[in-house]
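Enquirer: First the structure, which I've put down as structure tokens, then a few questions once you've had a look.
FYI, it's all coordinate maths here, none of it is from the lab. The shown structure was predicted, so the numbers you read here are calculated from the model rather than taken from an experiment. Cβ coordinates were reconstructed from backbone atoms using ideal geometry, including for glycine residues, and neighbour counts include every protein chain displayed.
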Amino acid sequence: MVACVQHHVAAKRYLCATDADYYAALSEASKHSLRLQGGPMTADEVEEFAQTPHLERILMVRRCDDGGKVAGGDTPSLDHYLGIMEGVLRDYHN
């Protein structure tokens, strides 16, 4: 989880550089913050970031965060997330 938080902005920059549909789906406010964060990654940055451990999980968390910003979406109960967190903790300690 630490890596997912640590690389949250980099994941956005990476996705914008590698997925035109991802960039197109960003709100104007998110595009503005992207410019402030350095814009989409360069080809060299993409190549380097692609080697980041746990890249797929980092990108998944980024996409989940984006999905959580959809107004009017259904949000599962806290119990739903507690079950997921317990499973992750069990896997981590095994």
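Enquirer: Which angle from 0 to 90°, rounded to the nearest 10, does the C-alpha axis of helix 8-18 make with the longest principal axis of the chain?
Expert: Approximately 50 degrees, to the nearest ten.
Enquirer: Still on this model: Which whole-Hz couplings ³J(HN,Hα) result when phi for each residue of the range 46-56 is put into the Karplus expression 6.51 cos²θ - 1.76 cosθ + 1.60, θ = phi - 60°, listed in order with x for Gly and Pro?
Expert: 4, 4, 5, 5, 4, 8, 5, x, 6, 3, 4
Enquirer: Arranged by the count of other C-beta atoms within 10 angstrom, fewest first, what order do 65, 21 take? If you can, show how the numbers build up before the last one.
Expert: On the way: 65 13, 21 7.
Ascending number of Cβ neighbours within 10 Å: 21, 65.
Enquirer: Using only alpha-carbon positions, what ratio does the radius of gyration of the chain give when scaled by 2.2 N^0.38 Å? Walk me through the numbers on the way to the answer.
Expert: On the way: Rg = 15.0 Å, N = 94, 2.2 N^0.38 = 12.4 Å.
Ratio of Cα Rg to 2.2 N^0.38 Å: 1.22.
Enquirer: Could you grab the relative contact order for the chain? Cα pairs under 8 Å, six or more apart, rounded to a whole percent. Numbers along the way, then the final one.
Expert: Working: 45 pairs, mean separation 32.7, N = 94.
Worked out over the chain, it gives 35 percent.
Enquirer: What is the fewest-to-most order of 12, 69, 31 by other Cβ atoms lying within 10 Å of their Cβ? Display every interim value, and only then the final one.
Expert: Numbers: 12 25, 69 10, 31 13.
So the residues, fewest neighbours to most, are 69, 31, 12.
Enquirer: Hey, another quick one. For the range 38-93, just say rounded, prolate or oblate: build the C-alpha gyration tensor, square-root its eigenvalues into a ≥ b ≥ c, call rounded for a/c under 1.5, and beyond that prolate if a/b exceeds b/c, oblate if not.
Expert: oblate
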